[in-house]
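*Asks:* Mind having a look at this structure? Questions to follow.
The values are calculated or read from the model by the stated rules, or taken from the named source; none is laboratory data. Treat the numbers as computed from the prediction; the structure is a model and nothing was measured. Heads up, the Cβs are rebuilt from the backbone with ideal geometry, glycines too, and the neighbour counts pull from every protein chain shown. Calculation scope for accessible area: heavy atoms of the full protein, side chains included, ligands and nucleic acids excluded. Shrake-Rupley method; radii C 1.70, N 1.55, O 1.52, S 1.80 Å.
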Amino acid sequence: MTKCNHVNDIITPDLSVLFSSDQRDFLIRNNGEKIVGIYLNTPKFMDPYGSFVSKVAVSKGDFEVVFVCYNAIHEEEFNDYFAKMPWLAIPFPETNDIKQRLRKWFRMRDCGLIIIHSNGEILTQETANHMTEWFGEDAYPFTQERFNFLKDQVEASKRNQSITSLLISKSRDFLLSNHGNYQLPVSECELVGKTVCLYFGDNHLKSNDGRYSPCPEFTFLLVYVYNKLKEKGEKFEVVFLSCDQQIEEFKQGLEIMPWLTLPFKDNMAVSLWHYFDFRSDQHTPQLVIIGPDGKTLNKNNVVALIEEYGIDADPFTQEKVDELVKAKEEVPHTLESLLVYGDKDFVIRKNGCKVLVSELVGKNILLFINQYEQLETPKFTKTLIRTYLDIKANKDKALEVIFIAANIEDEWAFDECFSRMPWLALPYRDARKKRIQRIFQLVRCPTIIAIDTSGQVVTNITSFHHPIIMHGAEAYPFTEERFKYMKKEVDKMAKGSWPQKLKHELHAEHELLLMKDRQLYTCSACMEFGTRWTFFCKQCKFNLHPKCALDKQSITLE
Ligand SMILES: [Zn+2]
Ligand SMILES: [Zn+2]
C-alpha cells in the first residue's frame, strides 16, 4: 500500500465518500482527473475466454480500476484472486459496506463493471463489462459512443465475413498445425471452400469454477468425427480456439488434436467468443460451423448435435438437424443404437473387463442413470440391487443392468458408486453417457430405461417413486401394462386382505395405521425406500412397508 496517498489528497468528494471508511485512509492515487472503473466480481465465476482482468492489464494513464470482491468466503480466496490483478482493491473486510453503497448509488447488484469519471459522472454501466471484455484496451475511454462505434465496426465485418477475416489478426497471419509444431500461413491452410468448425474449448481437467471440464472428453469424440469425415473425403476442417490458462495443458491437449489451432492465449479466441455472441457465463465446449462460403452456418447447440448424432450430423446445418429429429421419431432407438456409438461398442464389468453390446442383444436390460451427490441414492440403489438379484434368481437369469454415471465428476466417486453394484457400467468418461442423456432429454436422476428382448425401449421413468421401489421383482418385465397391473393388485390387497391398523414390535409404543399416497419414505424395518402404501405412526413419523409390517412380528388390531 506504499504507493497510495492519503485520503486528504483524493480527487473528488464523491469517490472519497464512496470508498472511504473510518478505519482506512488509503486507496486512491492522486494523479489529477481520472476515469475509474469499479469492478465488482467474484472468484467463483470466471469467464472462460479471459475476463476483464486479463484484457485491460495495460491501463491508460488516467484510467484506474478499483476491485470490489463480490462473493469470496475467505480472505485467502480474495487474496488469490486479487493477486492476478494489476490495480487497486477495497480491503476484504470492508467489501460489504462498499457493496451496499454501490447498490444504493448505482443500483449495482450483481457482478459487473461501472465506469465513472472522478467527478462522479457515470460514463457507462449496463454494457461496460461485456464491451470491455470484448474490446479490451480498444474500448477506452469506455463511453457509450466509443462502444457504439466499435459495435458498428463488428457489424460491418460480420457482413463481409470470410474464414480468413475471422482467423487473421493484425499481428498474426498463421495457424499452428501438426500438433502445434508448425506455423502455417492461413493462406496455405486451404480453408476457403471448406466447412470449418471453430472449436472453443480447453484442456483442463477442472474448469475455472472447480467443476470438471467436459472438453477433454468431447475432444475425443470430435477427433473421431473429424477422422471419419476425412476418410470420407469431406471438405472439413477444425480450428481450435483455446481458453487454456496453462501452457502445459494446452500443449498436452494438442498432442491428440489432428487439426489446426490458434496459438496459446491468442486474443482472437477472446474476440471471436464475443463476436459469436457467447456470453461470459457460458461454458465450453462451444462450436461454430462456418460454411464453405465463409458465412456462419450454425452456432446453436452444435456440441449437442455432435454428441447425439456424431458423424451423421454432417454438414451441421439447421436443415440437417430437422431431418435428424424427424428420423428419430420415425425409427426409435434400440439397445444397439443407444450403446454402439463412435468407436465404442462395449460396456464394462467391475474388474474392467469389456462386454460387447452385441452380447447383450436379446436380453432384458435396464439402463440405470444416476448421480453421486444425492443422499437418497444408496437407498434407491439398494432396492434396485435386491430386485435385480431376486429377478436373476427367480425370473430371468439373463437380466442385466447398466449403470450410467450422470454428473459424476471424479473418478473415485464413480469407482465408489460402481463398486457397490453387482452389474455392468459405461466407463467413467465416455461420450455415450452425455449422448443418452441428450436423447432422452434427461435432466434429473434417478432414471431407469427398460429395454426388452427385442431391443426396444419399453419404459423410461425418472423418479424416486419408480414402480421397482413399490413392487420390487413383481415389476418385471418393466412394461407400462405390468406397472398398471401391479398397482391394481396392490390396491386390491390393501382394501381386501391388509388390516387397517396393527401393532409391530419395532414400534411397540403406538399402533400403526394403513395409509395411502404417502410421500417417499424410508421403511424402518429394511431401511429401503417405500411409496404409495405404508403402515404409519403419525406422531413419530414412523413408516413400515406393508410387506415388512405384515410379517410375523405384528399383531393385527382390526
Ligand atoms: Zn421394509
Ligand atoms: Zn409412534
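*Asks:* So which of G180, G233, G193 ends up being on the phi > 0 side of the Ramachandran plot and free of Cβ contacts under 8 Å to residues at least 12 places away in the same chain?
*Replies:* The unique qualifying residue is G233.
*Asks:* Kindly indicate the residue of the stretch 507-519 that is in contact with a helix residue (DSSP H, G or I) (Cβ under 8 Å, 6 or more places away or on another chain) and open to solvent by less than 70 Å² (accessible area, probe 1.4 Å) and also nearest to I468 (Cα to Cα) among those meeting that condition.
*Replies:* Among residues in the stretch 507-519 that are in contact with a helix residue (DSSP H, G or I) (Cβ under 8 Å, 6 or more places away or on another chain) and open to solvent by less than 70 Å² (accessible area, probe 1.4 Å), the one nearest to I468 (Cα to Cα) is L514.
*Asks:* To continue, here is another question. Only one residue in D293, D322 is in the same structural domain as K235 (by TED's automatic domain parsing), within 30 Å of I163 (Cα to Cα), without any contact (Cβ under 8 Å) to a residue 12 or more places away in the chain and part of a loop (DSSP other than H, G, I, E, B), so which one is that?
*Replies:* Exactly one residue qualifies, and that residue is D293.
*Asks:* Does L287 meet the test of being of a type outside the set (S, T, N, Q), in the same structural domain as N203 (by TED's automatic domain parsing), crowded, with 19+ Cβ neighbours inside 10 Å and not in a strand (DSSP E or B)?
*Replies:* No; evaluated as a whole, the condition is false for this residue.
*Asks:* So, in the stretch 400-421, how many residues would count as being in contact (Cβ under 8 Å) with a residue 60 or more places away in the chain and of a type outside the set (G, A, S)?
*Replies:* The number of residues fulfilling the criteria is 5.
*Asks:* Residue check: is G496 open to solvent by less than 30 Å² (accessible area, probe 1.4 Å) and among the small types (G, A, S)?
*Replies:* In short, no.
*Asks:* Looking at L229, L198, L241, can you tell me which residue is open to solvent by less than 10 Å² (accessible area, probe 1.4 Å), part of a helix (DSSP H, G or I) and out of contact with any Pro (no Cβ under 8 Å at 6 or more places or on another chain)?
*Replies:* L229
*Asks:* I've got another one for you. Exactly one of (1) assigned by TED's automatic domain parsing to the domain that holds T381; (2) surrounded by fewer than 16 Cβ atoms within 10 Å (Cβ to Cβ); (3) within 16 Å of ligand 1 (Cβ to nearest atom) is unmet by E474. Its number?
*Replies:* (2)
*Asks:* Here is a follow-up. Scan the stretch 325-378 residue by residue and report those that are within 27 Å of the chain's Cα centre (by Cα) and open to solvent by less than 20 Å² (accessible area, probe 1.4 Å).
*Replies:* Listed by number, the residues that qualify are L335, L338, L339, V347, L366, L367, F368, I369, N370, T377.
*Asks:* Test of understanding: among L184, L175, L167, which residue is under 17 Å from P292 (Cα atoms), in contact with a strand residue (DSSP E or B) (Cβ under 9 Å, 6 or more places away or on another chain) and in the same structural domain as P263 (by TED's automatic domain parsing)?
*Replies:* Just a single option satisfies the conditions, and that option is L167.
*Asks:* Please determine, by comparing only the residues of the stretch 520-552 that are among the polar types (S, T, N, Q) and more than 10 Å from ligand 1 (Cβ to nearest atom), which one is surrounded by the most Cβ atoms within 10 Å (Cβ to Cβ).
*Replies:* Here the residue is T531.
*Asks:* Output the strands (runs of 3 or more DSSP E) that fall wholly within the stretch 440-558 and possess 1 or more residues being on the phi < 0 side of the Ramachandran plot, within 16 Å of ligand 2 (Cβ to nearest atom) and out of contact with any Cys (no Cβ under 7 Å at 6 or more places or on another chain), or say none.
*Replies:* Qualifying strands (runs of 3 or more DSSP E): 501-504, 512-522, 529-537, 542-544, 554-556.
*Asks:* How many residues are crowded, with 19+ Cβ neighbours inside 10 Å and assigned to a loop (DSSP other than H, G, I, E, B) if we restrict to the stretch 410-427?
*Replies:* So the count comes out to 2.
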